[in-house]
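Just below is one structure, and these are the notes that go with it.
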Amino acid sequence: MHRDITQRERAQMGSANRLKLGLFGANCSSGRAVTLVRERWSGNWPDCLALARMADAAGIEFMLPIGRWKGYGGDTDYQGATFETVTWAAGLLAATERLTVFGTVHAPLIPPLIAAKEFVTADHIGAGRFGLNVVCGWNEGEFEMFGANLRDHEARYDYAQEWLDAVKLAWSASDDFDVTGRFINLKGVRAKPKPYGGSRPLIMNAGASATGQAFAIRNCDALFSHISYGMSLDETALYVKSVRGAARQQGRDIDVYTVGVVTCRPTAREAEDYWHHCIVDHADWHAVDNILAMRNITPDNYSPDEFRRLRDHQANGMGGLPMVGDPDTVTGQLAQLAAAGVTGIAVSFVNYLDELPYFCAEVLPRLVRLGLREPA
């Protein structure tokens, strides 16, 4: 017998913790650290599996993969070896008990009915713990690998809307149905089984533009945003308030998540030294420059100081909020995000398996004492 799961339980990832924590990018070689250091993340299956089990035991709420099909080159071919995210999620869900695992899916690359069936399969494997991170696409070189056209910005979201509507209909329709749209036309669709527990998977999107945020507010349970880089606590709080207010105007609730890069050591000096060693002295600068060039960020377009700032920011976990320091410092940064109304944060490390145990031993108890989390 299936246990019924409410949509709110899904959104909370089965956790009462005020600040949710996740691990970001572990399905990719090097993870989020664009670095040459030997201990950089392998991304191989045994390490992913060990990490998922470690996170599950510690009460970490989720793992969020990156939808990557092609590496960024450089000396390490940064993110050159990656696991497809839905099958990766299914394997991790089968090996864990509490953890929510997302699939990160480029909507234009997978027909909606195949996608809907894959998601339901993973959701049953995890007894309702599968989550969907919808990506509308930005990497033209990856789309060319599939013979797919990268539509203009607005049309990407128009397509994604039809795609997601079709997926949701496959999850919910009790009878056969047709879809007639601008992009998607389906006839006599029949889709069984439905998602586990009488509700649908948690849906997340990371749209940064006004169109992307409107898509998330209209369709998703969570908006995943780089809101905290370069923003004050007050600005972050206003941003979260505005997103949630816009959702309420549509009769919806939405949570706001962000991304961080953690270097936590017993002392601030140790943390700063290691961060500098990995992200400055031994960054894969060729890969960093390749990534920036894809976004037309070059020395020709930016002042030397601004280009250097963007370059350093990219090397540090592909632009995540840097959280470098001793456990009290890192805990304080996390508490500030919670105070601003952020629901949770997905973090990365240079080596997740090596560094997560210290984070769990030192930072998690401090968050418990602050009332932001419960003991695992």
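The values are calculated or read from the model by the stated rules, or taken from the named source; none is laboratory data. Keep in mind that this is a model prediction, so the values were computed, not measured. Backbone-built Cβ (ideal geometry, glycine too); neighbour counts: all protein chains shown. Each accessible area value is taken on the protein alone, full model and side chains, heavy atoms only, with ligands, DNA and RNA left out. Shrake-Rupley method; radii C 1.70, N 1.55, O 1.52, S 1.80 Å.
For the reader, a short list of remarks on this structure follows.
- Theoretical ellipticity at 222 nm over the chain - DSSP helices of four or more residues, -39500 (n - 2.57) apiece, nearest 500: -13000 deg cm²/dmol
- Lys, Arg +1 and Asp, Glu -1 on Cβ, resulting dipole of the range 9-60 about Cα centre, debye, nearest 20: 140 debye
- Share, in percent, of DSSP beta bridges within the range 25-168 that are antiparallel, nearest 5: 10 percent
- The range 251-336: GluC sites (Glu not before Pro) in DSSP loop, at most 11 other beta carbons within 10 Å: none
- DSSP finds beta bridges in the chain, and of those with both partners inside it, around 15 percent are antiparallel.
- The trypsin sites (Lys or Arg not before Pro) found in the range 1-43 that occupy coil by DSSP, while having at most 10 further C-beta atoms within 10 Å, are ARG3, ARG38.
- Accessible area per residue in Å² at 1.4 Å probe, computed on the range 256-376: 42 Å²
- The range 1-55 - percent of accessible surface contributed by carbon and sulfur, probe 1.4 Å: 52 percent
- Most mobile of GLY320, GLY137, GLY147 in a GNM of the chain (Cα contacts under 10 Å): GLY147
- A 1.4 Å probe run over the range 169-223, with the rest of the protein chains in place, finds 46 Å² accessible per residue.
- Residue-by-residue Karplus 3J(HN,Hα) for the range 241-249, coefficients 6.51, -1.76, 1.60, Hz, glycine and proline x: 4, 5, 5, 5, x, 5, 5, 4, 4
- The phi-based Karplus calculation (6.51 cos²θ - 1.76 cosθ + 1.60; θ = phi - 60°) puts the 3J(HN,Hα) values of the range 158-169 at 4, 5, 4, 5, 5, 4, 5, 4, 5, 4, 5, 5 Hz, whole numbers, x for Gly and Pro.
- Taking 7 Å steps out from each Cα toward its Cβ at ALA208 and GLU144 produces label points 2.2 nm apart.
- The slack in the chain from ASP178 to GLU84, taken as 0.36 nm per residue of separation less the alpha-carbon distance, amounts to 30.9 nm.
- The long axis of helix 327-339 is offset from the longest Cα principal axis of the chain by roughly 40 degrees.
- Rounded to the nearest 20 debye, dipole of the chain from Cβ charges on Lys, Arg, Asp, Glu: 1220 debye
- In order along the range 60-77, the phi-based Karplus estimate (6.51 cos²θ - 1.76 cosθ + 1.60, θ = phi - 60°) of 3J(HN,Hα) comes to 4, 6, 8, 10, 10, x, 9, x, 10, 10, 8, x, 9, x, x, 5, 9, 6 Hz; Gly and Pro are listed as x.
- Computed from Cα atoms, the angle from the helix 352-369 axis to the main principal axis of the chain rounds to 90 degrees.
- Other-chain or far-sequence residues with amide H under 5 Å of THR263's (modelled H): MET323, VAL324, GLY325
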